[in-house]
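One structure is given here, and the rest of the page talks about it.
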Amino acid sequence: MKTLTSLLIALIAFGASAIWYGSSGAAVENREPVHLAYPGLGLAVAEQFHLASGGRFALEIGTPATAEELVRLHREQPDVACNLDVTLVGPEQFMIKRHVTELHNGGWNDENLFFPLALFVLPSGGKYELTLKSNAVTDLFSKRGAVVRLERWEDVGSALGWAIEVWAGYISLACALVVALLLRLQPTALKPAA
């Protein structure tokens with residue numbers, strides 16, 4: 001009976017931690033934790049976020065593509081001049097302050113995507129805050145609007161690996177349920193004979 005009780009506790013602990021770890025690693029918030037409107041002249045925007053793990057992140061600014069741009073196969077855009085103060089504050093007094101003056105066209109889909117050259121390296125998981133302050137009008141973004149995202153630059157693990165961890169957690173909890181039913185329904189059959 002003690003063995004089954006210990007097994008039950010181990011199955012529940014493993015199942016809960018596997019589901020939590022697999023879910024947090026695969027979560028969108030761990031890959032793209034920040035979505036902010038591009039700030040207007042003299043304004044600042046900020047967002048707090050939590051990461052399951054550290055890594056390299058790019059500041060991505062997306063602005064809607066025009067109908068004319070959408071039909072073009074290639075639509076490289078010129079660099080965009082800007083005047084942004086970027087501050088990232090994190091755990092254990094971690095802080096990055098950068099002044100961004102130029103954004104480079106880095107891709108497109110239904111948006112035109114722009115990035116500063118430097119990536120942000122966040123050392124660990126934990127609670128962070130990103131603050132952006134605009135010190136000048138950026139014509140392209142003020143005319144079309146823009147969204148600012150902080151996007152993980154590389155994968156933090158296999159999507160299959162995260163899914164396997166979650167499923168292993170659910171299987172473990174299902175096994176714990178079977179063990180709990182055995183303990184509940186057959187207490188005398190499991191006791192050793194005296």
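Being under 16 Å from the mean Cα position of the chain (by Cα) and modelled with pLDDT of 75 or more is the filter; apply it to region 1-50 and report the residue that is farthest from Asn135 (Cα to Cα).
Only one residue tops the list, namely His50.
Does any residue of region 109-117 turn out to be in a strand (DSSP E or B) and aromatic (Phe, Trp, Tyr)?
Scanning region 109-117, I find at least one residue that is in a strand (DSSP E or B) and aromatic (Phe, Trp, Tyr), so the answer is yes.
Taking region 118-144 on its own, how many of its residues are within 13 Å of Val45 (Cβ to Cβ) and loosely packed, with under 15 Cβ neighbours inside 10 Å? Walk me through it before giving the result.
Let us first name the residues in region 118-144 that are within 13 Å of Val45 (Cβ to Cβ), namely 129-134, 141.
If we keep only those that are loosely packed, with under 15 Cβ neighbours inside 10 Å too, we end up with 129.
Summing the residues that are within 13 Å of Val45 (Cβ to Cβ) and loosely packed, with under 15 Cβ neighbours inside 10 Å in region 118-144 gives 1.
If the requirement is being of a type in the set (Lys, Arg) and farther than 14 Å from Pro33 by Cβ, which of these qualifies: Lys133, Lys127?
Going through Lys133, Lys127 in turn, just one is of a type in the set (Lys, Arg) and farther than 14 Å from Pro33 by Cβ: Lys133.
The values are calculated or read from the model by the stated rules, or taken from the named source; none is laboratory data. All values derive from a computational prediction rather than experimental measurement. Every residue, glycine as well, gets a Cβ built from its backbone with ideal geometry; the counts of neighbours run over all protein chains shown.
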